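The values are calculated or read from the model by the stated rules, or taken from the named source; none is laboratory data. Just so it is clear, the structure is predicted and the values come from calculations on it, not from any experiment. Neighbour counts are summed over all protein chains in view; Cβ atoms, including those assigned to glycine, are modelled from backbone coordinates with ideal geometry. Surface areas here come from the heavy atoms of the whole protein model, side chains and all, with no ligands, DNA or RNA. Shrake-Rupley method; radii C 1.70, N 1.55, O 1.52, S 1.80 Å.
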Amino acid sequence: QVQVADSGGGLVQSGGSLRLSCTASGRIGVITVMGWYRQAPGRQREFIARVSTGGHAIYADSIKGRFTISRDIIGNAAHLQMDNLETDDTADYYCYAKIVIKGAVQSKDYWGQGTRVTVSV
């Protein structure tokens, strides 16, 4: 009924930039929050950033000041601009969206398939 798709990963040198996108489609009533987690090899999944419909953003300390999250309300999308990337940012990045589907009253988390970001020295 609802799909969430990640895009925008790739290989970049340390200090470079990438922009991730997350797009939701299907029987969407309301999207309340969109955001990203990441998981590096051998490490637990960690929260990166989230943004509400009203534009209020929350960031993890590890990326604060380097990453910027934004919403495209009309396009049911969010974007994560990642600047000044470091080798420690290498991970699989997963976007998610809290969505109330049409006809429902409660939101549910929907996840993208993930996109790999590799930062080289």
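Laid out as a table, the results:
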item: Nearby aspartates and glutamates by direct alpha-carbon distance to K64 (threshold 15 angstrom, same-chain neighbours under 8 apart not counted); result: E46, D83, E86, D88, D89
item: Region 51-62 - phi-based ³J(HN,Hα) in whole Hz, Karplus 6.51/-1.76/1.60, Gly and Pro as x; result: 9, 8, 4, x, x, 6, 10, 10, 10, 6, 4, 5
item: Pairwise FRET efficiency - S107 versus Q81, Cβ, R0 = 30 Å, nearest 0.05; result: 0.75
item: Potential lengthening between R19 and S52 on full extension [0.36 nm per residue; Cα-Cα distance subtracted]; result: 10.0 nm
item: Percent RCO, i.e. relative contact order, over the chain, from Cα pairs under 8 Å lying at least 6 residues apart; result: 37
item: Segment R45-R27, extension gain: residue separation times 0.36 nm, minus the distance between their alpha carbons; result: 3.7 nm
item: Separation between Cα centres of region 1-23 and region 61-121, rounded to whole Å; result: 8
item: Per residue, in Å², the accessible surface of the chain once ligands and nucleic acids are set aside, probe 1.4 Å; result: 52
item: Taking the convex hull of Cα positions in the chain, its mean projected area over all directions (nm²); result: 7.1
item: Segments 68-75, 85-92 sorted - mean Cβ within 10 Å per residue, highest first; result: 85-92, 68-75
item: Portion, in percent, of the accessible area of the chain that falls on carbon or sulfur, probe 1.4 Å; result: 48
